[in-house]
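Engineer: Structure provided below as structure tokens; questions to follow.
The values are calculated or read from the model by the stated rules, or taken from the named source; none is laboratory data. Owing to the predicted nature of the structure, the values given are computational and were not obtained by experimental measurement. Glycine gets a Cβ as well: all are built from the backbone with ideal geometry, and neighbour counts include every protein chain shown. SASA here: full protein model, heavy atoms, side chains in, ligands and nucleic acids out. Shrake-Rupley method; radii C 1.70, N 1.55, O 1.52, S 1.80 Å.
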Amino acid sequence: MPGALIVGGALAALFATSTSGQLASPPYFEDAPSDHMEIQVVTVNGSGCPEGTTAVDVSEDNTAFTVTYSDYLAQVGVGATPTDFRKNCQLNLAVQVPQGFTYAIASVDYRGYAYLADGASAIQKASYYFQGSPDTAQYSHQFTGAFDDNWLATDVTDIESLVYAPCGEVRNFNINTELRVNPGTSDTSETTSLITMDSADGDLSTTYQLSWMECPED
């Protein structure tokens with residue numbers, strides 16, 4: 001992704017932000033199980049993910065899963081409606097892991113494109129949690145105009161802060177995301193400012209890197 005921007009974020013206490021120019025790969029991945037994990041989308045809600053515009057795929061080696069959006073765009077200015085400045089998406093995923101294992105989210109790579117006029121800004125927010133768990137990861141990334149490029153934002157969980165799904169229990173995984181554009185001092189009668197987290201060809205997916213752990217025997 002040429003010209004990609006890596007940005008820092010205001011993170012919850014659970015997270016530390018990567019500021020490297022490379023994708024962050026946590027050094028503490030446990031060996032992934034050989035049996036394949038499965039993920040099914042239970043519900044999809046939000047203006048940023050109309051029906052049929054979201055897909056979830058698991059990597060062949062069980063080290064990550066991706067979420068791809070095809071109609072996730074927030075904008076202000078020429079061509080935008082009054083409600084287009086904010087878009088959101090809420091995903092509820094049923095995750096089936098191989099017997100005897102559990103997982104945590106070790107890092108997340110968010111990708112998209114932004115065009116921001118001088119004086120405008122945008123923000124990308126996200127949170128995720130296991131159903132019934134009090135531990136919710138929350139973070140955000142801000143962009144300021146003038147800007148015209150692809151963007152990449154990476155967040156990495158400290159090893160001591162990894163939150164694993166409870167062993168032996170079925171807990172759905174919830175992902176909430178939001179895109180918002182603020183026109184600021186830009187001239188919305190002459191310009192359009194926008195931020196996307198979508199892809200027409202599947203190249204700009206959000207990637208959730210996994211850390212695996214064997215569950216204790218009963």
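Engineer: Could you pull the accessible area for Phe130 with a 1.4 Å probe, rounded to 10 Å²?
Structural biologist: Phe130 exposes around 10 Å² with every protein chain in place.
Engineer: Bin width 5 Å, origin at 0, all Cα-Cα pairs of the stretch 90-214: what percent of pairs per bin?
Structural biologist: Distribution as computed: 2, 10, 18, 18, 16, 12, 10, 7, 4, 2, 1, 0 percent.
Engineer: Still on this structure, please answer the following. Treat each spin label as a single point 7 Å out from the Cα along the C-beta direction, and report the Glu214 to Arg171 distance in nm.
Structural biologist: Distance between the two pseudo-spin positions: 2.2 nm.
Engineer: Now a separate question. So how much accessible area does Ser189 have, in Å² to the nearest 10, using a 1.4 Å probe?
Structural biologist: For Ser189, the solvent-accessible surface is approximately 80 Å².
Engineer: Would you tell me the accessible area of His36, worked out with a 1.4 angstrom probe on the heavy atoms of the protein chains, in Å² to the nearest 10?
Structural biologist: Surface open to solvent at His36 totals about 90 Å².
Engineer: Using only alpha carbon pairs under 8 Å that are at least six residues apart, calculate the relative contact order of the stretch 90-167 and give it in whole percent.
Structural biologist: 43
Engineer: Would you mind calculating the gained length between Val42 and Leu162 on full extension (0.36 nm times residue separation, minus the Cα-Cα distance), in nm to one decimal?
Structural biologist: Once the chain is fully extended between Val42 and Leu162, it gains 40.7 nm.
Engineer: What's the extension gain from Gln131 to Asp149 if we count 0.36 nm per residue and subtract their Cα-Cα distance?
Structural biologist: 2.9 nm is the gain from fully extending Gln131 to Asp149.
Engineer: Using only alpha carbon pairs under 8 Å that are at least six residues apart, calculate the relative contact order of the stretch 38-212 and give it in whole percent.
Structural biologist: 36
Engineer: If I model a spin label at Asp31 and Ala94 as a point 7 Å from the Cα along the Cα→Cβ vector, what separation in nanometres do I get?
Structural biologist: 3.1
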